[in-house]
Amino acid sequence: MILPGAASAADRQAFETVKGWEIERTVGSTSPNACLMSHTYKDKEDDNAVNAVIFALNGSEAVLVLVYEKWGWDKDEKVKAPMFLDKNRYAAKSAWVGDAETLTAAFPDSIVPNLMAAKTIVLQFDNGKADFNIGGFAEGYESLRRCNATKVAAPMAAAPQSPVAPAPAPKATAPAATGAYSVMTIGGTGPDFVGCLAHSESLGLGLVGVGQNLALIANTPKFPFDKGVAVQGTWAVDNGSAMPFTTKTDTAHTVTIDIPHDPAAVQSLTSGQSVTIQANGTQVPFALGPMKQAFADLSTCMETKKAP
């Protein structure tokens, strides 16, 4: 496992692996961003050269490390190059610091939605380009977010203390309806377009549209599910009629519910105040927040094949 900086594998603890991304947490760290995610693979079109992409948050910054075994940068060598996410130019002159096989750069954390919607990072050099596969970044980032949020839930320090909830903790009612939904494409634009995602990290909810299908994604540490678990349950809006669902978890602590092709079901979801999900006996209420606007923006995204 290739890691940035001086941290070694012995300093880290595996959290989970999602869509080819390995999420790890620094043992004993009190940082709010103690986790990183990495994707390592061999490029069959380049004599199986090892490539890796490492991502971590650092305050309001997002740190990217690109690794290519055939590079040979001088330590602290300054490198500038246009950076593309798929075919879209993100930065005309992205600034990187080299060290042997790695290039490291810091960006505003506003880059995250762009990375979630992309499949490839491309650096354009004078003598060619270097491209890195980041497929599955969105799923990996959701795991990274959970890893960072749950770091204090089970402290390893000697002094016991009350666990700190990593997300709004619902009791008998749903949490406050705060948090806007951000909308992004899945897979890119044009021929790479797959669908759209409207997501609210603070609410723990998302809407996914692919083709004619609509799904509700709910994430909370209250769901004690690992990846690959079969889940059965019900969902109900504003204490209305409970509708059954079955699913298999793609990531830990997350359930995905297929919304029926029924205008009444969609109307209920987009006009309600809260949704209560019961999954394998665990019942959790969620505030829906501005779900009506999220659905409208998602519909626009699906029609135009680009984020509104």
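Given charges of +1 on the Cβ of Lys and Arg and -1 on the Cβ of Asp and Glu, with all other atoms neutral, how large is the dipole of the chain about its Cα centre, in debye to the nearest 20? Walk me through the numbers before you get to the answer.
On the way: 24 positive and 30 negative charges, 112 e Å.
The calculation lands at about 540 debye.
Please give the solvent-accessible surface of Arg146 in Å², to the nearest 10, using a probe radius of 1.4 Å with every protein chain present.
Arg146 exposes around 10 Å² with every protein chain in place.
From the Cα gyration tensor of the chain, with a ≥ b ≥ c the square roots of its eigenvalues, which class applies: rounded if a/c is under 1.5, or else prolate if a/b is larger than b/c, or else oblate? Provide the component values of the computation, followed by the final result.
Numbers: a/c = 2.24, a/b = 1.45, b/c = 1.55.
Cα axes put the chain in the oblate bin.
Going by accessible area, probe 1.4 Å, with all protein chains left in place, what is the ranking of Ser143, Ser274, largest first? Intermediate values should be presented prior to the final figure.
Details: Ser143 0, Ser274 30 Å².
Descending accessible area places them as Ser274, Ser143.
Quick check: net charge around Thr189, other residues with Cβ under 12 Å of its Cβ, Lys/Arg +1 and Asp/Glu -1? Could you put the intermediate results ahead of the total?
Details: positive: Lys87, Lys119, Lys305, Lys306; negative: Asp86, Asp192.
Once positives and negatives cancel, what remains is +2.
Can you give the local net charge around Ala52? Use residues other than it whose beta-carbon is closer than 12 angstrom to its beta-carbon, Lys and Arg +1, Asp and Glu -1. Show your work: numbers first, answer last.
Numbers: positive: Lys42; negative: Glu22, Asp43, Glu69, Glu101.
Summing Lys/Arg as +1 and Asp/Glu as -1 gives -3.
Relative contact order of the stretch 255-307: what whole-number percent is it, with Cα pairs under 8 angstrom and at least 6 residues apart?
Values: 34 pairs, mean separation 12.1, N = 53.
Computed value for the stretch 255-307: 23 percent relative contact order.
Just to verify a number: what accessible area does Val266 come out at with the full protein assembly present, 1.4 Å probe, Å² rounded to tens?
Using a 1.4 Å probe on the heavy atoms, I get roughly 30 Å².
Farthest toward the dipole's positive end in the stretch 22-100, which of Cys35, Asn48, Pro82, given Cβ charges of +1 (Lys, Arg) and -1 (Asp, Glu) about the Cα centre?
Pro82
Note the angle between two axes, namely the Cα long axis of helix 137-149 and the longest principal axis of the Cα atoms of the chain, as a number of degrees from 0 to 90, rounded to the nearest 10.
80 degrees
Just to confirm a number: summing +1 for Lys and Arg and -1 for Asp and Glu over residues other than Ala307 whose beta-carbon lies under 15 angstrom from that of Ala307, what do you get? Each step should come with its number before you reach the end.
Details: positive: Lys305, Lys306; negative: Asp86, Asp192, Asp297, Glu303.
Within the 15 Å Cβ shell, the charges total -2.
Out of residues 5 or more away from Leu288 or on other chains, whose amide H comes under 5 Å of its own, with H placed 1.01 Å from N in the peptide plane?
For Leu288, whose amide H was placed from the backbone, the distant partners under 5 Å are Ser274, Val275.
Grab the DSSP H runs of the chain that are 4 residues or longer, score each as -39,500 (n - 2.57), total them, divide by all residues and round the 222 nm result to the nearest 500 deg cm²/dmol.
Working: 4 runs with 41 residues, N = 308.
So the calculated ellipticity at 222 nm is -4000 deg cm²/dmol.
Enumerate the amide H contacts of Ala62 below 5 Å, restricted to partners 5 or more residues apart or on another chain; note that Pro and chain-start residues carry no placed amide H.
So Ala62 has HN proximity to Phe107, Asp109.
Amide H to amide H, which residues 5 or more places from Glu69 or on other chains are under 5 Å from it, using H placed in the peptide plane?
Under 5 Å from the amide H of Glu69 lie the amide H atoms of Val50, each far enough along the sequence or on another chain.
From the phi angles alone, apply the Karplus equation (6.51, -1.76, 1.60; θ = phi - 60°) to the stretch 59-66 and give each ³J(HN,Hα) in whole Hz, x where the residue is Gly or Pro.
Those phi angles translate into x, 8, 10, 10, 9, 10, 10, 10 Hz.
For the ranges 284-293, 45-54, what's the packing order if you count other beta-carbon atoms within 10 Å of each residue, average per peptide, and put the highest first?
Values: 284-293: 20.1, 45-54: 15.4.
The packing order, highest mean first, is 284-293, 45-54.
Please give the Cα centre distance for the stretch 39-74 versus the stretch 189-212, rounded to the nearest Å.
26 Å
The values are calculated or read from the model by the stated rules, or taken from the named source; none is laboratory data. These numbers come from a predicted model, not from an experiment. Neighbour counts are summed over all protein chains in view; Cβ atoms, including those assigned to glycine, are modelled from backbone coordinates with ideal geometry. Surface areas here come from the heavy atoms of the whole protein model, side chains and all, with no ligands, DNA or RNA. Shrake-Rupley method; radii C 1.70, N 1.55, O 1.52, S 1.80 Å.
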